[in-house]
């Protein structure tokens with residue numbers, strides 16, 4: 001906490017992205033180790049489940065939770081600085097994630113259930129903290145609605161996951177062992193939580209980082225309607241084993257993807273930065289992967305793809321986790337780093353709004369390498385799963401693993417330099 005006091009604006013919420021970045025290389029190695037199994041259709045082994053939850057909980061959800069502690073107050077117009085409650089929340093989340101991963105790695109379902117319970121409690125704590133901010137809100141927007149809905153889906157996803165883990169130990173409900181139980185968990189987690197959160201936050205952040213104000217935030221509303229309707233249809237299709245509902249959901253998601261790519265391209269084409277911006281590179285890649293995901297899902301829904309529905313779902317899930325969500329996190333952390341590199345390290349005296357718009361945004365050479373490896377690896381892995389190509393999947397997994405290591409190493413070193421080099425010692 002002494003370091004945080006030396007750095008005004010840094011709070012206990014910083015622990016979330018730091019922990020996630022330290023776990024990211026392990027997630028990359030885990031993906032590489034199970035890439036061949038994913039392409040072969042062996043999706044329910046302990047190793048695959050460990051890799052999946054390392055990405056979803058240890059990487060994506062930890063970063064998202066920390067971001068919400070910092071960003072949500074600004075979204076609703078409330079002055080609030082994360083403190084002891086955020087630290088408690090991080091402790092609960094860390095214990096839960098560690099227990100879940102330990103359970104999968106040791107093949108002990110009891111630990112998975114224990115960790116799942118801790119994660120459920122941590123999500124409840126986050127929801128309570130954000131609810132207090134909502135009660136004091138001074139403004140509201142479609143992006144805030146999307147964030148709140150995504151948090152609701154996260155609560156359902158972790159509660160359902162805990163139920164599956166509990167049933168795994170007590171064997172009360174055989175149906176939860178089937179793909180129906182897993183399908184519900186995946187629909188709420190991947191689409192309802194990650195998909196909706198990234199889309200909603202982008203309509204809040206991109207106008208501020210690109211300077212483009214010509215895309216009204218109201219365009220997010222039909223996308224939210226389509227996303228939430230699709231989640232409901234996926235849940236019904238999984239629960240009642242109705243492929244028609246899943247196909248309709250996939251079509252709705254493809255339509256939502258089209259609307260989103262339209263607006264995303266407007267933001268990026270109108271960006272005012274004159275120098276290369278790594279964050280925008282990541283958003284362009286996200287736009288491309290959104291088109292690819294829509295083509296896979298929509299093609300299957302229309303009966304144009306001969307692949308089995310579960311294989312298409314696995315392919316799109318890999319693309320969302322390893323590509324879409326990961327690229328969004330990586331790109332946005334390049335907007336966090338300048339606060340340490342310029343605002344604190346060099347004491348430029350810039351305001352919080354000026355730092356991300358510096359003429360030369362933070363653009364380390366290793367960042368371009370990490371971007372290329374991660375974007376290519378995630379896209380190739382998704383295609384390898386769709387085409388049942390284990391050899392290609394192993395290559396793609398290796399690219400993703402190297403990219404995650406380069407990124408985590410570079411970003412953590414950058415943060416350490418920003419903290420350790422005090423302004424008076426900077427050149």
(message) Quick check on the stretch 339-347. Is at least one of its residues outside any helix (DSSP H, G or I), closer than 19 Å to residue 268 by Cβ and at pLDDT below 95?
(response) no
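Residue-wise test of (1) over 27 Å from residue 252 (Cβ atoms); (2) touching a helix residue (DSSP H, G or I) at 6+ places or on another chain (Cβ under 9 Å); (3) surrounded by fewer than 22 Cβ atoms within 10 Å (Cβ to Cβ); (4) at pLDDT below 85.
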position	(1), (2), (3), (4)
169	yes, yes, yes, yes
172	yes, yes, yes, yes
176	no, yes, yes, yes
182	no, yes, yes, yes
190	no, yes, no, no
204	no, yes, yes, no
209	yes, yes, no, yes
216	no, no, yes, no
220	no, yes, no, no
(message) Name the single residue that is surrounded by the fewest Cβ atoms within 10 Å (Cβ to Cβ) among those in the stretch 114-157 being without any contact (Cβ under 8 Å) to a residue 40 or more places away in the chain, more than 22 Å from the chain's Cα centre (by Cα) and over 24 Å from residue 186 (Cβ atoms).
(response) 135
(request) Answer yes if at least one residue in the stretch 380-389 is assigned to a helix (DSSP H, G or I), within 30 Å of residue 207 (Cβ to Cβ), modelled with pLDDT of 95 or more and touching a helix residue (DSSP H, G or I) at 6+ places or on another chain (Cβ under 9 Å), and no otherwise. (result) yes
(message) If I ask for residues that are free of Cβ contacts under 8 Å to residues at least 40 places away in the same chain, assigned to a loop (DSSP other than H, G, I, E, B) and under 18 Å from residue 146 (Cα atoms), which ones from the stretch 201-241 would you list?
(response) 216
(message) Can you list the helices (runs of 4 or more DSSP H) lying wholly within the stretch 1-113 that have 3 or more residues being within 21 Å of residue 194 (Cα to Cα) and free of Cβ contacts under 8 Å to residues at least 40 places away in the same chain?
(response) 15-40, 84-106
(message) Residue under question is residue 336, and the condition is that it be assigned to a helix (DSSP H, G or I), modelled with pLDDT of 55 or more and surrounded by fewer than 23 Cβ atoms within 10 Å (Cβ to Cβ); does it hold?
(response) yes
(request) Only residues in the stretch 255-266 that are without any contact (Cβ under 8 Å) to a residue 12 or more places away in the chain count as the first member; pair them with residues that are surrounded by 15 or more Cβ atoms within 10 Å (Cβ to Cβ) and part of a helix (DSSP H, G or I), Cβ under 9 angstrom, at least 6 apart or cross-chain, and list the lot. (result) 262/219
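Is it true that residue 321 is more than 30 Å from residue 18 (Cα to Cα) and either assigned to a helix (DSSP H, G or I) or in contact with a strand residue (DSSP E or B) (Cβ under 7 Å, 6 or more places away or on another chain) (or both)? Write out each step before concluding.
Values: more than 30 Å from residue 18 (Cα to Cα): no; either assigned to a helix (DSSP H, G or I) or in contact with a strand residue (DSSP E or B) (Cβ under 7 Å, 6 or more places away or on another chain) (or both): yes.
Considered against the rule, which asks whether it is more than 30 Å from residue 18 (Cα to Cα) and either assigned to a helix (DSSP H, G or I) or in contact with a strand residue (DSSP E or B) (Cβ under 7 Å, 6 or more places away or on another chain) (or both), residue 321 comes out as no.
The values are calculated or read from the model by the stated rules, or taken from the named source; none is laboratory data. In this text the structure is predicted, and so the values were computed from the model without any measurement. Every residue, glycine as well, gets a Cβ built from its backbone with ideal geometry; the counts of neighbours run over all protein chains shown.
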